[in-house]
Amino acid sequence: MGRYILRRIAVMPLILLGIVTVAFFASHVVGDPLASIVGLKALNRPEVVESAKERWGLDGSLFEQYIRYLGNLLHGDFGTSFTTRKPVLDDVLDRFPATAELTMVAMFIGGVGGIGLGVLAAARRGRFADVGIRLFALVGASVPVFWTGLIMLSVFYARLGWLPGPGRLDGRSDPPIDRTGLYTVDALLQGDVALFREAFAHLLLPGFVLGWALIGGIARTVRATVLDELHADYVRTARAKGVKERSVFIGHVLRNAMLPVLTLLGLSFAALLTGAALIETVFQWNGIGYYAVAATRSLDFPAVYGTAILGGLVFLVVNLVTDILYSFADPKVRLS
Amino acid sequence: MNVAAPVGTGRVKRFAATLRRPSLAFAAVVIVFWLLVLLTVQWWAPYDPFEEVGRRLQPPSGTYWFGTDELGRDLFTRVMYGARESLPIAAAVIVVAVTIGTVMGAVAGYFGGWVDSIVMRLADVLMAFPALLLAMVVSVGLGPGPRNAAIAVVVVWWPGYARLVRGQVLTIRTREHVEAAITIGAGRSRVIGKHVLPMAFTPIMVNATSDIGQVVIVMSSLSFLGLGTAPPVPEWGALITSGSKFFFQWWIAGAPGLAILTVVVGFNFLGDGLRDLFDRRSADR
Amino acid sequence: MRSGPVLGSRRRAARAAIGALVAVSMVAACGGGDDNSGGGGGGSSREIVILRDTDLSTLDPHRMWCDTCMIVLSGVYERLVNVDPSNPNNLLPGLATSWSANADSTEFTFTLDPKATFADGSPVTSADVKWSFERSANMNAGGSFLLAGLAGVDTPDAATAVVKFEKPNSPFLKIAGAALALSIANSKLLTTEAKATTGPGADKDEADTWFAEGRSAGSGPYTITSYTTDQSIVLERNEKYWGTKAPFASIAIKEATDSAGQLLQMQSGDADIAMNISFDSMAEADTIEGVDAVALDSFNFIHLNLNHYAPGGEELADAKVRQAIRYAIDYDKLIEATLAGNGRVQATAIPNGFPGTESLELPARDLDKAKQLMADAGKADGFSIEAQYFKANVYGVDFDTMMQRIQQDLKDIDIDLQLKPVDGPQWVDAMSATDIPFTPVYFAPDYIDAAEYIQYFGPVSTSNRGFGVPVPGATYENDATAEATLAEALALGDAAARAKLYTELGQIMIDQSEVIALVNPKTLFVTKSDIPIKYLSPCCILDLSRLGTE
């Protein structure tokens, strides 16, 4: 297994190189970011354009730029964003906690809600609760998240005023002192319970919308596996031997049902880091996804590559980790 | 579970049983409804989808069933016309992605070796690339517009089918009749076309059906980010986007979202139904 | 003249301001020295929150070029003179207590206020004026053209600056009141700390990275203490301000674009001023207790560029076709659909209210005339043309909505407009390659004199009609009468006589219809009732230095 893991890790840089290459050449097909750097009026002055090109690394042929970018990347230099005029790595790391915080809440809602509802639906198979749960789960996964976000905002924020609106904090609040970048955690670390509640309340709507979208897949998988397992031979045997129903359920059925859920959660986590872009746009949430969307639209190439690399890296690592966890959870699975 | 069921009649029975399920009935109704709408809307829509027909931003009423939008156009008409924009393009995306994915996957699986390596590493790269970002990069690179957005979604989507097909091919290749065909000297393309692909067909079709709904969602997301259809075309994602500017006029964004919901649920149910029909194990649940 | 593209990243995410601590300590360090300059007493501890679309991309005062930039500059930096908000034709003292021009309007002499100091306590001298103007002129940035033709700045003594131009430049006294490009910055601080340079090649200095940390170098009543791209910028009271201390402890400008969010924050008291509420929500805003919604007249306008020199623009080559388009547009409907009626039509690309515009005929829909013009031009059957545009919301006007309205109107004269909305950089890119024949652009004045508009839009040699970069090899057809009239106006000291010439020039621009003014939108301010806003500031949209003092 050790060799397998090493091999998987060894392939990662190659895949990341592939991602950079795809991002680089796809984004260069049309469009010239110079316009947004030097401004329209200066574009007809060759000397201004030349100096800007040089300063922002846009001089030379496309291939030269590509090689230069890769060279810098090897030294850990992700370039400087055209729009924030700060190093991309700083930008990305600055925004990472916001997305991580949102993702964790969404995963919690999706995971706990999905498993709970899946088990409940299996237990009440064919009855009203089963149908209700399956419909609820299905709807969450069948609408665009940005639409759910808009409707939820319009109902719970604009109409009813029960929950706060876009952003991570209320308008007048200052963020807590930066320790982890997670506002809820930082607020608690400085003992500010009111600020914690505010930050937490801001997480609820976007977290729920993303979580609801996850519940669909998870509840469905859990329900199916639980039903499958309940009829498996080993369960019958255990029952026949007089093992208590509850311990059969928890010890065997649920445990086996967790395996596919683990994979789903892992993939969701990776997908959410950049996939939250839509919900971050709706909720003006200053995370990676929001950054990626803005970067793509303003042709901020270094920022686009930076987020693509980060997204790819997280995807690969999470995939590997779930596979490893999988092999621990289920000895039948051999990594090879 | 029903190991004892005779093989011949099992499928027929299952088919009958599947059809009676409410979810499949719903799917049939929804899909037929939207198909009828997209084919006939021009004959019965109450208004012109592009003309100003009343005061702007009116809530739903007897005259304007879904209300009016920011330019005083009838939203019901626009949502119905939206089917013509959203559905054919989603279907086209799936057809193209399935075709590319099948060819790539079959070639990779059948030939193995370096061909397999190249195709599958490319698929790995595209699958590790954050999906929405990839779609955005490609469609920004090509320029906005529905055709380029569709191309972007195809780029994101085909690797999944390639993997699926490759897996199927690897399994099927080792079966006796295929090996026999190879031994008696059947040409490669003949083996792939006559023996391998037909067997891989079922899982592809099941997946493709459910995926149509997902493609509708992704295409509307690209529209939301401003990379899809240009106004005044009433594509559903674009309708939601213009509704998002009018927070208190919830109906503008509401109706097209519900249209997407019915389509996605419909194709989901249809995909499930197909899976149950072909996959005995899942049908028993 | 911020036409269009101040395009950095709109709506860019950023972690909320944590750099604040760092920045505060920096400013404190810059301040250095004795702290007994009489501060303290003035002003409350009230913290103001302003909500708007923060379109800032840099804090370097000589690189800045955007609407939020003007607002920030108004609080942090000062100008030699101030334009009187109640009468834009009147000048008030700024850093200069008196000013004069020579006979042919080529030399302008300013006497600086000896009390004036920067936020770090050092005096404002003529050397700072020279350094700032030369840096702006050499910056090749958005506002550099405001100082085009600058021959030099003489500094006979620390309190006297003589600004010289190569050619007559009668509007310069008004230009000197512009916030963008003409703000005076602390030259010593910027040369030593920010490594800013002033000579040719100033555009290559990297001072903007020094500013990016949330710093400033001005003499105004506030200083910048924190900045997060596209998220927020915080100004704090300059306790050492040389004039009357600011009434507020701090002013934070925060990114907000959706109307409902801003309304709710006004309601909950989380914000004091909201600037990006749509006119559709104006009535709702006004019902909130203790909150006022006022729509003020502005000098902003949105216009259509009909660039017949661009590829694909051949159908527009005949002025009759362009005039037909002008008559085919239903301006009332357009203003109703985009601004809920809160806007005015405008004769041509010179703002309503500018001297010389009063007697120009305002456009109105006349379909028969439009059809006749199309027939006269031999285009009775119409044609199809692509309209690429920046999908933005500018001055409250949603471009998607506006372009769909125009598309409907032009159908009536059989012009099939194909809409192609794009993001900012793509649009600027296309503009700069001059391959858009038909596109809407937005415009806000930098100083109150019509000359700028004729030089920029009119059929004269300095102008590119607002089309962007001229097509390589294309020569614009200029109008000899217009050319001569403009030169005459520029050398005229008498404002009334100038205005008469501007009217003649305006009529020529209407006849040409290369640029069609669509709407002059009002600007909506939703404010706490105790912070009234009476005027749209001519220099700065919202003049922070006057906020709470009127």
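FYI, it's all coordinate maths here, none of it is from the lab. Source: prediction; values computed, not measured. All Cβ positions, even for glycine, are placed from backbone atoms using ideal geometry, and neighbour counts span all protein chains on display.
Computed quantities for the displayed model
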item	result
Residue-averaged 222 nm ellipticity for chain A, from DSSP H runs of 4+ at -39500 (n - 2.57), nearest 500	-23000 deg cm²/dmol
Two-site FRET efficiency, residue A:74 against residue A:8, from Cβ-Cβ distance with R₀ of 25 Å, rounded to 0.05	0.70
Expected 222 nm ellipticity per residue - DSSP helices of 4 or more, -39500 (n - 2.57), all of chain B, to 500	-25000 deg cm²/dmol
Among C:81, A:98, C:418 the positive-end extreme of the charge dipole of the protein assembly as shown (Cβ point charges)	A:98
3J(HN,Hα) from dihedral phi, the range B:153-158, Karplus parametrisation 6.51/-1.76/1.60, rounded to Hz, x for glycine, proline	5, 4, 4, 6, 8, 4
Estimated distance in nm for a label pair at residue C:195 and residue C:87, the labels positioned 7 Å out from Cα along Cα-to-Cβ	5.0
Distance between the range C:500-516 and the range B:156-171 - C-alpha centres, whole angstrom	65
Pairwise label distance in nanometres, residue C:511 with residue C:369, each label 7 Å out on the Cα-Cβ vector	1.6
Relative contact order [Cα under 8 Å, 6+ residues apart], the range C:140-252, whole percent	14
Rounded D (µm²/s) - chain A, Kirkwood Rh over Cα pairs, Stokes-Einstein at 37 °C, 0.692 mPa s	144
Amide hydrogen neighbours beyond the local backbone of residue C:152, cut-off 5 Å, H modeled	C:164
Degrees between helix C:495-512 axis and first principal axis of chain C (Cα, 0 to 90, nearest 10)	40
Long-range amide H partners of residue C:216 with built H, under 5 Å	C:224
At 1.306 mPa s and 10 °C, Stokes D of the range B:87-189 from Kirkwood alpha-carbon radius, µm² per second	107
Residue exposure sequence - C:523, B:174, C:155 - by fewest surrounding Cβ within 10 Å	B:174, C:155, C:523
Percent RCO, i.e. relative contact order, over chain C, from Cα pairs under 8 Å lying at least 6 residues apart	20
Pairwise FRET efficiency - residue A:64 versus residue A:263, Cβ, R0 = 30 Å, nearest 0.05	0.10
Residue order, fewest to most surrounding Cβ atoms within 10 angstrom, among B:163, A:297	B:163, A:297
Dipole-positive endmost among A:219, A:149, A:164 within the range A:128-226 (Cβ charges, Cα centre)	A:219
Highest-MSF residue in chain B out of B:105, B:266, B:145 [GNM, Cα springs under 10 Å]	B:145
Theoretical FRET efficiency, 1/(1+(r/R0)^6), r = Cβ-Cβ of residue C:287 and residue B:199, R0 60 Å, to 0.05	0.30
For the range B:128-169, alpha-carbon Rg over 2.2 N^0.38 Å	1.31
Options C:49, B:229, A:319, ranked by Cα towards positive dipole end of the protein assembly as shown, top entry (Cβ charges)	A:319
Whole-number percent relative contact order across the range B:183-285, with pairs defined as alpha carbons under 8 Å at least 6 apart	29
Exposure proxy ranking, count of Cβ atoms within 10 Å, fewest first, for B:53, A:209	B:53, A:209
On Cα atoms only, tilt of B:75-111 relative to the major axis of chain B in degrees	20
Amide proton proximity set for residue C:113, modelled H, under 5 Å, gap of 5+	C:96, C:97
Cut-off 15 Å between beta-carbons: net charge of the residues surrounding residue A:195, Lys and Arg +1, Asp and Glu -1	-4
For the range C:342-451: rounded, prolate or oblate by the Cα gyration tensor [a/c cutoff 1.5]	oblate
J(HN,Hα) series, the range B:266-275, from Karplus relation 6.51 cos²θ - 1.76 cosθ + 1.60, nearest Hz, glycine and proline x	x, 5, 4, 4, 5, x, 4, x, 5, 4
